[in-house]
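Novice: Got a structure here, written out as structure tokens. Questions coming.
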Amino acid sequence: MNQRYRCWAEIDLPALRENLLWIRHRVGPGVKILTVVKADAYGHGLKQIAAFLMQSGTDVFGVANLAEAQAIRSVGRGWPILMLGACLPDETEDAVRDAIMPTLSSEAEARRFSEAARRQKTTVEAHVKVDTGMGRLGMDRTNAVELITRISRLKGLQIQGIFTHYAAAEGDAAFTRSQRHAFEQIVSKLQKRGVRPPLIHASNSAGFLHESPGIFNLVRPGLLVYGVIPPGKRRSRAPMDGAIHPVLSFTCRVGFVKAIPKGFSVGYGRTFVARKPMTLATLTAGYGDGYPRSASNKAEVLIQGRRCPVVGTITMDQTMVDVSALKKVEPGDEAVLIGRQGEAAIHAEELASVAGTVPWEIFTGISYRVPRVYRGGHAA
Ligand SMILES: *Cc1c(COP(=O)(O)O)cnc(C)c1O
């Protein structure tokens, strides 16, 4: 079906919808879902994924920057969009004009938005962020109550939400608890002063899986929506069997098949030497497509439904694999880098693990050279 491509990523839209519905079911009524679609929807294709999520019932979108927010606006008007990254001073007017909700981490940022709102004779809806231990964005927790109280009085500004971000929700229960406790205290002190942002949130995918709902009425899943459980040592609170389905598969083709004698070396730097005569397949994908070079001599791919080890260093456009154990392999055959073939599967987590990275980086590393092919659903 995809035989005209050398290398492609297939996006399973029904799987995406099922993942979102499962999250919806798990959070129950009264809790909103902000679907994170930054970095081209984790490499799945921003506009198509945004359009599909609008039909599938997300409540809010989370993006990293203004360009991503504007791409969503071009697909459908009116959806609430929270910009999770800092808004640069020179982006403020545009963000206000496009009604993108900023993340406010300081009084200076808040004043900038308040002034822009007044200039444009409008009201800016914003979320304030508290740094409880991530050390990235957000205001200092020791004076957050004072600061947010002051910000809440600024003209042209309406505080729609208050949030924080977990640093290690997938692995460190105690630290997550301390972050959560600090945040809940701030929210409660604000409420006593009459400052009540309607949306209260903290959970990324790992927080959603491992933490109880508590005072929160919005979750911010990213990776989980794309069908991948964040790797980490904490166990989920609820059974996960069959609940989440991988959305993306990544496939290339066999470009060439060759036999090499014992003692022959393979690839740049000669990192692999054949200990016996072998049959190799040269694949049509390399690190220029996002197949990570750090997985050289470690990753496996699927051909004929069987695992074939990568041999030698992965090159920019091509990768060599050992197909000695297989029946006749021919140029044009499919080789699955991430995904299923027959009974076998290679998950993004596995490739990330052998490459010494995380699934987020694997997804966002799949390059512009790889066409995204959408299956089962109407996408933009
Ligand atoms: C990226 C991001 C998320 C989503 O994280 P996942 O681990 O992919 O679920 C949530 N919140 C913020 C602030 C983020 O930057």
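The values are calculated or read from the model by the stated rules, or taken from the named source; none is laboratory data. Just so it is clear, the model here is predicted, and its values are computed rather than measured. Every residue, glycine among them, receives a Cβ derived from its backbone with ideal geometry; neighbour counts consider all protein chains shown. For the accessible areas, the whole protein counts, side chains as well, though only heavy atoms, and no ligand, DNA or RNA atoms are used. Shrake-Rupley method; radii C 1.70, N 1.55, O 1.52, S 1.80 Å.
Novice: Once all Cα-Cα distances of the range 138-240 are split into 5 Å bins that start at 0, what whole-number percent is in each one?
Specialist: Distribution as computed: 2, 12, 22, 21, 16, 11, 8, 5, 1, 0 percent.
Novice: Additional query: Restricting to DSSP H runs of at least four residues, report the calculated mean residue ellipticity at 222 nm for the chain, -39500 (n - 2.57) per run over all residues, nearest 500 deg cm²/dmol.
Specialist: -8500 deg cm²/dmol
Novice: To continue, here is another question. Run the dipole for the chain about the Cα centre, Lys and Arg Cβ at +1, Asp and Glu Cβ at -1, nothing else charged, and hand back the magnitude in debye, nearest 20.
Specialist: Dipole of the chain, to the nearest 20 debye: 280 debye.
Novice: Each label point is 7 Å from the Cα along the Cα-to-Cβ direction; what then is the distance between the points at Leu21 and Met240, in nm?
Specialist: Computed distance between label sites Leu21 and Met240 equals 2.1 nm.
Novice: What is the antiparallel percent of DSSP beta bridges lying wholly in the chain, to the nearest 5?
Specialist: Here the antiparallel bridges make up roughly 55 percent for the chain.
Novice: Positive end of the dipole of the range 335-380, charges at C-beta (+1 Lys, Arg; -1 Asp, Glu), about the Cα centre: which of Pro371, Gly342, Ser353 has its Cα farthest in that direction?
Specialist: Value computed over the given set: Pro371.
Novice: Can you give the FRET efficiency for Glu146 and Asp98, using 1/(1 + (r/R0)^6), R0 = 41 Å, r = Cβ-Cβ distance, to the nearest 0.05?
Specialist: 0.85
Novice: Quick check on the range 285-380: what are the equivalent-ellipsoid semi-axes from the Cα gyration tensor, as sqrt(5λ), descending, whole Å?
Specialist: 21, 18, 13
Novice: For the range 76-153, give the magnitude of the charge dipole about the Cα centre (Cβ charges: +1 Lys/Arg, -1 Asp/Glu; no others), in debye to the nearest 20.
Specialist: Here the range 76-153 has a charge dipole of around 260 debye.
Novice: Mind checking the per residue accessible area of the chain for me, 1.4 Å probe, whole number of Å²?
Specialist: Solvent-accessible surface per residue comes out at 45 Å².
Novice: Take the Cα gyration tensor of the chain, multiply each eigenvalue by 5, square-root it, and list the three semi-axes largest first, rounded to whole angstrom.
Specialist: 45, 21, 19
Novice: In terms of the Cα gyration tensor, with a ≥ b ≥ c the square roots of its eigenvalues, is the range 1-47 rounded because a/c is under 1.5, prolate because a/b exceeds b/c, or oblate?
Specialist: The shape class here is oblate.
Novice: Ok, one more. Would you mind pulling out the separation of the Cα centroids of the range 122-156 and the range 22-53, in Å?
Specialist: So the separation of the two Cα centres works out to 25 Å.
Novice: To the nearest 10 Å², what's Leu16's accessible area with a 1.4 Å probe?
Specialist: Ignoring ligands and nucleic acids, Leu16 comes out at about 0 Å².
Novice: Oh, and also: Considering only protein heavy atoms, with the full assembly of protein chains and a 1.4 angstrom probe, order His245, His347 by accessible area, largest first.
Specialist: His347, His245
Novice: Can you work out the Karplus-derived ³J(HN,Hα) for every residue in the range 24-31? Use 6.51 cos²θ - 1.76 cosθ + 1.60 with θ = phi - 60°, whole Hz, and x for glycine or proline.
Specialist: For the range 24-31, the Karplus-derived couplings read 4, 4, 5, 7, x, x, x, 10 Hz, x marking Gly and Pro.
Novice: Here's a follow-up. Could you give the dipole magnitude of the range 276-380 about its Cα centre, charging the beta-carbon of Lys and Arg +1 and that of Asp and Glu -1, in debye to the nearest 20?
Specialist: 120 debye
Novice: Out of Gln318, Gln70, Gln191, any idea which swings most in a Gaussian network model of the chain, alpha carbons joined below 10 Å?
Specialist: Gln191
Novice: May I pose another question? Share of the range 1-156's accessible area from carbon and sulfur, percent, 1.4 Å?
Specialist: 49 percent
Novice: On to the next question. What is the mean projected area of the alpha carbon convex hull for the range 203-283, to one decimal in square nanometres?
Specialist: The orientation-averaged projected area of the Cα hull of the range 203-283 comes to 9.1 nm².
Novice: Would you mind telling me which residue in Gly342, Gly305, Gly133 has the biggest mean-square fluctuation in a Gaussian network model of the chain, where springs connect alpha carbons within a distance under 10 angstrom?
Specialist: Maximum fluctuation in the GNM of the chain, among the listed residues, is at Gly342.
Novice: Could I ask something else about it? Kindly write out, for the range 199-215 in residue order, the coupling ³J(HN,Hα) from the Karplus curve 6.51 cos²θ - 1.76 cosθ + 1.60 (θ = phi - 60°), rounded to whole Hz, with x marking Gly and Pro.
Specialist: 9, 10, 8, 8, 7, 7, 4, 5, x, 4, 6, 10, 9, 6, x, x, 7
Novice: Next question. Under 18 Å Cα to Cα from Lys32, which lysines show up? Leave out anything in the same chain fewer than 8 places away.
Specialist: Leaving aside lysines fewer than 8 places away in the same chain, those within reach of Lys32 are Lys129.
Novice: At 0.36 nm per residue, minus the direct Cα-Cα distance, what do Ala173 and Ala325 gain on full extension? Give it in nm, one decimal, please.
Specialist: 50.3 nm
Novice: Sort Trp8, Trp79, Trp360 by accessible area with a 1.4 Å probe, largest first.
Specialist: Trp360, Trp79, Trp8
Novice: While we're on this one: Hey, if you drop one equal point scatterer on each alpha-carbon of the range 118-167 and run the Debye formula without solvent, what base-10 log of I(q)/I(0) do you get at q = 0.19, 0.23, 0.25 Å⁻¹?
Specialist: -0.65, -0.84, -0.92
Novice: Now, a different point. Once amide H atoms are built 1.01 Å from N in the peptide plane, which residues 5 or more positions from Leu157, or in another chain, come under 5 Å H to H?
Specialist: When sequence neighbours closer than 5 places are left aside, the close amide H contacts are Val124.
Novice: If the convex hull of the alpha-carbon atoms of the range 8-74 is projected onto planes in all directions, what is the mean projected area in square nanometres?
Specialist: Averaged projected area of the range 8-74's Cα convex hull equals 4.7 nm².
Novice: Turning to a different aspect of this structure: Excluding Gly227 itself, calculate the net charge of residues whose Cβ lies under 10 Å from the Cβ of Gly227, where each Lys or Arg counts +1 and each Asp or Glu counts -1.
Specialist: Residues close to Gly227 contribute a combined charge of -2.
Novice: Continuing with the same structure: Determine the principal axes of the Cα atoms in the range 30-170, then give the extent along each, sorted from largest to smallest and rounded to whole angstroms.
Specialist: Between the extreme Cα coordinates on each principal axis of the range 30-170 lie 42, 41, 31 Å.
Novice: Divide, for the range 108-196, the radius of gyration over alpha carbons by 2.2 N^0.38 Å, where N is the residue count.
Specialist: Expressed relative to 2.2 N^0.38 Å, the Cα Rg reads 1.18.
Novice: Using a 4.7 Å Cβ cut-off, which Cys residues in the chain lack a partner cysteine?
Specialist: For the chain, the answer is Cys87, Cys308, because their Cβ atoms have no other cysteine Cβ under 4.7 Å.
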